[in-house]
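The values are calculated or read from the model by the stated rules, or taken from the named source; none is laboratory data. These numbers come from a predicted model, not from an experiment. All Cβ positions, even for glycine, are placed from backbone atoms using ideal geometry, and neighbour counts span all protein chains on display.
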Amino acid sequence: MSMPGEQDELAAIVRGARASGRLAMDTEFMGEGRYRTLLCLVQLAIPESSEGPEQITVIDPLREDLDGSALAEVLADPAIEVVVHAGRQDIALIRRRLNTDVTNVFDTQVAAGFVGLGAQSSYDSLLTDVLGVRLAKSASFTRWDTRPLSAEQLGYAREDVVHLLELARELELRLQELGRLEWAREECEPLAHSSDERDPEAIFARLPRVAGLNASARPIARELVRWREQTAARADRPVQSILSDVALMEIAKRKPSSRKELEKIRGVGAGAKHRRADELVEVVRRAGQHPPDPPPEQARAPASRPEDAPLVALAEALLRARAREAGLAYELLASRADLQAIIVAWRMNGENAEASEGPTDTAGAQADVRTMRGWRRSLVGEELLALLDGRVSLSVSEQRLQVAVRRG
């Protein structure tokens with residue numbers, strides 16, 4: 001079957017997106033056995049207009065002759081709303097493939113959490129709950145990188161956008177009625193910066209037990225990370241198949257100077273018999289000439305204490321009550337780690353106030369977590385601090401088993 005997505009179809013989609021100010025987008029990709037996830041299909045839809053019905057097309061990003069410049073301009077245009085569902089990876093792949101920004105994102109999964117639906121709702125479940133539509137999915141786990149694609153595969157791909165604009169429109173209407181459309185848009189803004197670029201320095205910082213490496217081993221580990229990234233990119237293989245984190249750390253610690261020494265390191269020996277063994281030894285030798293790199297001194301965050309646990313539970317009760325009353329998914333407000341950080345910061349403020357013989361200052365140093373920023377702070381953050389300060393108390397209604405807030 002021939003692949004749709006000819007240049008004229010893409011041009012029509014671009015014209016329709018500019019005319020309507022909206023574009024739905026989804027992708028299909030393959031990540032298994034590769035250095036980077038491979039973008040295999042891009043599905044696009046524009047809404048019905050006076051010029052014609054809703055239009056859907058599927059374009060093939062594997063085509064070397066694909067000219068995606070016009071689409072890139074549309075995606076980067078803040079006047080055009082780009083509708084996705086759970087679109088973080090879709091956006092990251094599109095940004096890399098088309099070398100473009102993606103602005104004005106509206107994610108229906110994010111939006112669902114603000115109208116009382118699950119914060120991790122699937123596309124299928126939202127279509128059922130919001131539009132009463134059921135899809136007959138049949139080709140979800142398939143080889144999207146093969147050509148030609150079957151009619152079943154193309155039909156499956158189209159279904160991922162066929163109702164997406166309608167779903168977004170209904171969710172936006174509900175958000176407007178609740179006064180939360182701007183909340184949802186604020187939450188979608190970070191998605192525009194989604195990226196799958198791999199930063200060797202960030203990867204080095206995430207190595208297991210990297211803080212325990214001594215000053216002479218750290219430059220070696222850093223160079224091994226760079227070598228592994230370059231080698232995996234050339235071979236288009238997952239980095240862990242080139243050299244595992246555990247083996248990388250052992251090499252950095254033991255600093256083998258020959259293939260024989262390298263073969264003694266567990267997890268490396270079997271692979272040390274080919275040419276990469278010589279490369280690894282050379283990386284160690286070269287990195288060993290770098291100046292020592294002592295671990296940076298970092299201010300240790302205040303540790304949690306066992307007595308914090310009841311306060312975390314109390315804070316969670318308040319937030320769950322507020323989420324239920326507001327018809328919000330609780331996951332949008334805070335994670336347990338967020339609450340723990342808030343409790344620790346509040347406790348430290350109190351201890352500092354006692355040491356200085358002054359009053360507790362809830363406006364002092366506060367945890368830099370999402371619950372204490374933006375709309376979340378207005379909705380629950382300030383009230384949570386008041387609860388911790390004793391200016392708000394909780395009571396339970398036995399009749400309705402609800403948590404009520406009583407001031408005093």
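Output the number of the condition that R209 fails; it satisfies all remaining conditions of (1) over 30 Å from E325 (Cβ atoms); (2) of a type in the set (K, R); (3) surrounded by 12 or more Cβ atoms within 10 Å (Cβ to Cβ).
(3)
Condition first: part of a strand (DSSP E or B) and either at pLDDT below 60 or surrounded by 15 or more Cβ atoms within 10 Å (Cβ to Cβ) (or both). Now tell me which residues in region 385-405 satisfy that.
At the first step, the residues of region 385-405 found to be part of a strand (DSSP E or B) are 392-397, 402-405.
Listed by number, the residues that qualify are V392, Q402, V403, A404, V405.
Filter region 55-113 for residues that are closer than 20 Å to M30 by Cα and among the aliphatic types (A, V, I, L, M) and give the result.
V58, I59, L62, L66, V84, A86, I91, A92, L93, I94, L98, listed by residue number.
The rows are residues; the columns are (1) closer than 26 Å to L66 by Cβ; (2) assigned to a loop (DSSP other than H, G, I, E, B).
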| residue | (1), (2) |
| --- | --- |
| R97 | yes, no |
| Q109 | no, no |
| G116 | no, yes |
| V130 | no, no |
| F141 | yes, yes |
| W144 | yes, yes |
| P148 | yes, yes |
| A157 | yes, no |
| L167 | no, no |
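Of the residues in region 4-57, how many are part of a loop (DSSP other than H, G, I, E, B) and more than 19 Å from R147 (Cβ to Cβ)?
Matching residues across region 4-57 total 9.
Could you list all residues from region 121-161 that are modelled with pLDDT under 90 and either buried (at least 19 other Cβ atoms within 10 Å of the Cβ) or of a type outside the set (D, E, K, R) (or both)?
Those that are modelled with pLDDT under 90 and either buried (at least 19 other Cβ atoms within 10 Å of the Cβ) or of a type outside the set (D, E, K, R) (or both): L135, A136, S138, A139, S140, F141, T142.
Just checking, which of R63, R95 is of a type in the set (D, E, K, R), out of contact with any strand residue (DSSP E or B) (no Cβ under 6 Å at 6 or more places or on another chain) and modelled with pLDDT of 95 or more?
Values: R63 fails: modelled with pLDDT of 95 or more.
Of the residues listed, the single one that is of a type in the set (D, E, K, R), out of contact with any strand residue (DSSP E or B) (no Cβ under 6 Å at 6 or more places or on another chain) and modelled with pLDDT of 95 or more is R95.
Is it fair to say V225 is assigned by TED's automatic domain parsing to the domain that holds A215 and touching an Asp or Glu at 6+ places or on another chain (Cβ under 9 Å)? Steps first, answer last, please.
On the way: assigned by TED's automatic domain parsing to the domain that holds A215: yes; touching an Asp or Glu at 6+ places or on another chain (Cβ under 9 Å): yes.
Considered against the rule, which asks whether it is assigned by TED's automatic domain parsing to the domain that holds A215 and touching an Asp or Glu at 6+ places or on another chain (Cβ under 9 Å), V225 comes out as yes.
Take the residues in region 156-213 that are small (G, A, S) and under 25 Å from L93 (Cβ atoms); name whichever of them is nearest to the chain's Cα centre (by Cα).
Within region 156-213, the match that is nearest to the chain's Cα centre (by Cα) is S194.
Conditions (1) modelled with pLDDT of 95 or more; (2) touching a helix residue (DSSP H, G or I) at 6+ places or on another chain (Cβ under 9 Å); (3) surrounded by fewer than 16 Cβ atoms within 10 Å (Cβ to Cβ), marked per residue:
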| position | (1), (2), (3) |
| --- | --- |
| M3 | no, yes, yes |
| D8 | no, no, yes |
| A24 | yes, yes, no |
| E28 | yes, yes, no |
| E32 | no, no, yes |
| L39 | yes, yes, no |
| Q43 | yes, yes, no |
| I46 | yes, yes, no |
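Just give me the residues in region 185-233 being more than 22 Å from M249 (Cα to Cα) and part of a helix (DSSP H, G or I), in sequence order.
Going residue by residue through region 185-233, those that are more than 22 Å from M249 (Cα to Cα) are 185-197.
Across region 185-233, the qualifying residues are R185, E186, E187, C188, E189, P190, L191, A192, H193.
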